[in-house]
Amino acid sequence: MENDRRIGVYICHCGTNIAGTVDIEELTEYARHLPGVVVVRDYKFVCSEPGQNLIKEDIRELGLNRVVVAACSPRMHEPTFRRAVAQAGLNPYLLQIANIREQCSWVHEDGNTDKAKALVNAAAQKAYYLEPRDTREVPVNPSVLVIGGGIAGIQAALKIADATHKVYLVEREPSIGGRMIQLDKTFPTLDCSSCILTPKMASVASHPFVELMTYSEVVDVSGYVGNFRVKIRRNPRYVDESICTGCGICIQKCPWKTDSEFDMGLGKRKAIYTPFPQAVPNIPVIDTETCVYFKKGTCRACELFCEPKAIDFQQTERFEEIEVGAIIVATGYDVFDPSPIYQYGYKRLDNVVTSLEFERMCSATGPTGGEVVLKSGEAPTSVAIIHCVGSRDQNYFEYCSRVCCMYALKFAHLVKEKTEADVYQIYMDMRAYGKGFEEFYRRVSDEGVNFVRGKVAEITDQALTDEERGKLIVACEDTLLGRLVRIPVDMVVLCPAMKARADAAEMARLMNISRGADGFFLERHPKLEPISTNTDGVFVVGCAQGPKDIPDTVAQASAGAAEALALIDAGKVEVEAITAAVNEELCSGCKVCIGLCPYNAITFSEEKKVVEISDVLCKGCGVCVAACPAGAIIGRHFTDTQIFAEIEGILADARPPVAAI
Amino acid sequence: MRSPNGEPRIVGFLCNWCAYQGADLAGTSRMHYPANVRVVRVMCTGRIDPTFVLKAFAEGADGVLVAGCHAGDCHYKEGNYKTMRRVALLRKMLDQMGIEPERFRLEWVSAGEGAKWAKVVKEMTAELQALGPLAWWENVREA
């Protein structure tokens, strides 16, 4: 039966990506002599339509029953070639890819052709033993979960809800709005951040297809694409949401204060509070760390004054389970705390502030009522704005945070508008790459801002001259003048890096997605699948994927909504047919596998005294296959026979050591 | 003639979700490392039956490199923990068979760690070059 294998091998040049370092002619000739191979062809781009047609025609005309494609990573084009062979009537699981680009031609300086031969040999040997599999289709739940209620999450939720699909929008904070609602003006148009965001916040909250869950966190995710089960913890607000009218009398009467997180600690908030006046929902929460009732059992002022009797000190956390077909992760970013850069003096010297603190200072609803002021209450006469604090820095974050150059220019404009102060921009490179950015850069330059190109060495209050006395001195090398400069100023604004959320690792585990070296969530492909992740049905948008500005975030969030809609609108989805199966003849009923399966897919049949594996629950990891002492479990598409053949092929040019005895 | 150019052969068993993607990332980032490693892709390191490793040595590998997701990051929740346990036993067995410990390596490489993959392959290749071809029959200890 195995003698009738008819394997076709297709070797891709990938332009010069493969052909540049692998001798295609030699590889083609080599492949001709592999067992079962009846045809070998090479082509400039096998993934192109004419390339795919070569395969399809050979399947039809030469009666191929196995196909090997030697090209890029299977993670890139395996789906493409599976579709192609299926269109020619061959089962898509009778295809094997040899990765001779990412793991060969691109990474080795010599030995490429020999390695490519070994990889093609291995693929052909494995293909020889491949078996057809039926693809499985499962129905898709038409609801979507969006995690994170910043601009990314709001935008994605609105798009999906507008298409009349149910959306659960989960936000950890008491209000939606995210980072964007903390900002004052937005570059380069200088429109007011809350003016453009609050209408969206209101419409998402009142949308008939959106279920808003604030002060809530996703704690568990199970299931698979199209059929996720998600457990959500609803943290107690100690205020009954169904009764509270949002009148705010409780906040007014609460006598206990603490630093406001929303105002970056520059202002105060009460123990019962909404983070900001336009909070959505406009329902306060009680912070049990500050509330005296929770500490000492006294006070209860809020309860006393609440007319609708909405205060409920007995509330406890609740758990809700929901079912969704797709998940959009829009969890945003953290701002790097620059205090580890000791020489910049943050938290050590007065009037050294971060960008977000400065945003709150500029905001009309902020702690200073929109005034740019020093700690003393006076207006500054000079301000330095320092770019790349932690970004583009080998010691902290290698990447560029992308938004700092432009918001630093915006700050310069705002300082000029609000005060008489001189402004210094201390930058490494000015990156004004977006629409309207260069024009904005020019405009701010024309407003009389001083630009100093260099990386700041130190910010100090140690004066060397009379002029420097009582000032903060910014010391750096002006790389355009080629000399050291000391700039005395009243206030320094640091532009710290945007970094991955502190709990991004936890979220990645929960969602079963990967993170890049920079800590942000990893997209499936940097160019062609920038929204998808390793886990089908889970999408990532906004700054959770990497630093980006508001327009890019909104565009990406809309793309995330389109991806989710494409998935749920189809109504059904094809899932991987790589699962495990039991050979009942061989199973001894030892049950070793049952405890190993992370998905409870294996059960013991008391009647047959053997185990059974559920095709729906099994995800095909193969841990049971490797553990079965009787060799009774078959890991489909990765059987022992197939992998042994692959090992033999990959080592075809090495002589077994045993023969040396 | 161990191999045409006398170079050590390393068989890599890589999980689909972390290490294989990390190796792909090394490719898209054009990080150079020796061609000595040849990769067999499996869905999870938990699928790696110790006999795969023995088979590779029997077929002429001078080293075997298993790479998967970092602890806690397994795409299948806990497959890599099972690998860790199996590998502890396998190491003992390899030792008894006269296969030096440097010839078998277990590494955790995430999808974002292309540089780590390249580094691991470079290190292991250099170690195996120093060690010379596999000759377990010279190392088998008397019982």
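Here is how the numbers come out for the structure above:
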item	result
Beta bridges by DSSP in segment A:2-133, antiparallel share as percent, to the nearest 5	0 percent
Nonlocal amide H pairs with residue B:40, under 5 Å, H built at 1.01 Å	B:12, B:13, B:14
Projected label distance in nm at residue A:342 and residue A:203, using a 7 Å step from Cα toward the beta-carbon	5.2 nm
Rounded tilt (10° steps) of A:640-650 against the dominant C-alpha axis of chain A	90 degrees
Inter-probe distance in nm under a simple model that places probes 7 Å from Cα toward Cβ, at residue A:590 and residue A:60	5.1 nm
Calculated FRET value between residue A:133 and residue A:196, using beta carbons and R₀ = 60 Å, to 0.05	0.75
Angle in degrees between helix A:193-206 and the longest Cα principal axis of chain A, rounded to the nearest 10	60 degrees
Those trypsin sites (Lys or Arg not before Pro) in segment B:1-83 that DSSP places in a loop and that have at most 15 other beta carbons within 10 Å	B:30
Surrounding net charge for residue A:458, when Lys and Arg each add one and Asp and Glu each subtract one, Cβ distance under 14 Å	+1
Chain A - percent relative contact order, Cα under 8 Å, separation 6 or more	13 percent
Pairs from A:455/A:527; A:166/A:231; A:619/B:116; A:115/B:119 whose Cα-Cα separation, in the structure shown, is over 26 Å	A:455/A:527; A:619/B:116
Net +/- balance of residues flanking residue B:22 in space, Cβ distance below 13 Å, scoring K and R +1, D and E -1	0
Loop-resident sites, segment A:443-535, for trypsin sites (Lys or Arg not before Pro), counting at most 13 other Cβ within 10 Å (DSSP)	A:469, A:527
Tilt relative to chain B, helix B:114-131 - C-alpha long axis, 0 to 90 degrees, to 10	0 degrees
Distance violations [Cα-Cα > 28 Å] among A:159/A:572; A:159/A:410; A:126/A:572; A:347/A:471; A:609/B:55	A:159/A:410; A:126/A:572; A:609/B:55
Under 5 Å, built H, 5+ apart or other chain: amide partners of residue A:265	A:260
For A:605, A:391, order by how many other beta-carbon atoms lie within 10 Å, fewest first	A:605, A:391
Dmax and Rg, reported as Rg then Dmax, of segment A:336-499 (C-alpha, Å)	14.9, 45
Kirkwood Rh and Cα Rg combined as Rg/Rh, the protein assembly as shown	1.03
Environment charge at residue A:547 (Cβ cut-off 13 Å; Lys +1, Arg +1, Asp -1, Glu -1)	+2
Projected label distance in nm at residue A:235 and residue A:581, using a 7 Å step from Cα toward the beta-carbon	5.0 nm
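Every read-out reported here was derived from the displayed coordinates using simple, explicitly stated rules and does not represent laboratory data. Being a predicted model, the structure only gives us computed values, none of them experimental. Please note: Cβ atoms are built from the backbone with ideal geometry, for glycine as well, and neighbour counts cover all protein chains shown.
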